[in-house]
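The values are calculated or read from the model by the stated rules, or taken from the named source; none is laboratory data. This is a predicted model, so every value here is computed, not measured. All Cβ positions, glycine included, derive from the backbone under ideal geometry; neighbour counts span all protein chains shown.
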Amino acid sequence: MFVRVLSTLAVLVLAANASGCGTAPAKFDGSVYRDGKVAFRVGDVPGGWHKVDVDDAALAFRDDRGSSVLVNAQCGLRAEDVPLLALTNQLIMGTTEREYVKEEVLQFDRREARHTILRAKLDGVPLVWDIFVMKKDGCVYDLVFVAPSDRFEQGRESFERFATGFHTLAEGS
């Protein structure tokens, strides 16, 4: 699953026409995402972000600067014993020349989460990744921002506001 998310990011970041990637079966009202038992709220979606439909993520956005955002939730994976570092590393499989800028564990939606910023190449293209990974109530949540190296700082603050506004919701709430 995580390798498919990486492939989806590669398509969004590297492809010229990323908006035709598939269809999303779930509902997103601009702040709340619902798909079966998975439900969560995200922070404000910046005006420059355009929602795109992809098969391998709950939510995906692209901006006019070539940056991409993916939010994914996987439940029932038996990931309770998988460390957050290993889950993060699964998201960046296939990248090369990794340079970690920031690695920290922080509170995220009342749970411990791993926050990682790194520079890496994907298919030879230098990119910067901003990743939050959290496990909660039998689910793994990934929020990922990927941008060309020269455009990362322009979108990082917006992404982190969006990500830190993330909260899981109880079914039916």
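Some points to look at:
- Just one of the listed residues (ALA170, ALA113) is part of a strand (DSSP E or B) and either touching a residue at least 40 places away in the same chain (Cβ under 8 Å) or surrounded by 16 or more Cβ atoms within 10 Å (Cβ to Cβ) (or both), and it is ALA113.
- Residues within the stretch 143-167 that are in contact (Cβ under 8 Å) with a residue 24 or more places away in the chain and in a helix (DSSP H, G or I), tallied: 13
- Considered as a group, the residues in the stretch 25-46 that are modelled with pLDDT of 90 or more, of a type in the set (Gly, Ala, Ser) and part of a loop (DSSP other than H, G, I, E, B) include one that is surrounded by the most Cβ atoms within 10 Å (Cβ to Cβ), and that residue is GLY43.
- For ASP55, the criteria (1) more than 16 Å from the chain's Cα centre (by Cα); (2) of a type in the set (Asp, Glu); (3) not in a strand (DSSP E or B) hold in every case but one, which is (1).
- Every pair of residues 6+ apart whose Cβ atoms lie under 6 Å, when the first sits in the stretch 60-81 and is free of Cβ contacts under 8 Å to residues at least 60 places away in the same chain while the second is not in a loop (DSSP other than H, G, I, E, B): ALA60/LEU70; PHE61/TRP49; PHE61/LYS51; PHE61/VAL69; ARG62/LEU12; ARG62/ALA18; ARG62/HIS50; ARG62/SER68
- Positions within the stretch 130-173 being touching a Leu at 6+ places or on another chain (Cβ under 9 Å) and aliphatic (A, V, I, L, M), in sequence order: ILE131, VAL133, MET134, VAL140, LEU143, VAL144, VAL146, ALA147, ALA163
- The numbered conditions (1) modelled with pLDDT under 95; (2) crowded, with 17+ Cβ neighbours inside 10 Å; (3) not aromatic (Phe, Trp, Tyr) are all true for GLU80 except (2).
- Set VAL133, VAL128, VAL101, VAL82: member being of a type outside the set (Lys, Arg), in contact with a Lys or Arg (Cβ under 6 Å, 6 or more places away or on another chain) and more than 18 Å from ASP56 (Cα to Cα): VAL128
- Within the stretch 142-164, the set of residues being at pLDDT below 95 and more than 18 Å from ARG65 (Cβ to Cβ) comprises THR164 only.
- Among (1) out of contact with any Asp or Glu (no Cβ under 9 Å at 6 or more places or on another chain); (2) surrounded by fewer than 20 Cβ atoms within 10 Å (Cβ to Cβ) - the single one GLN74 does not satisfy: (1)
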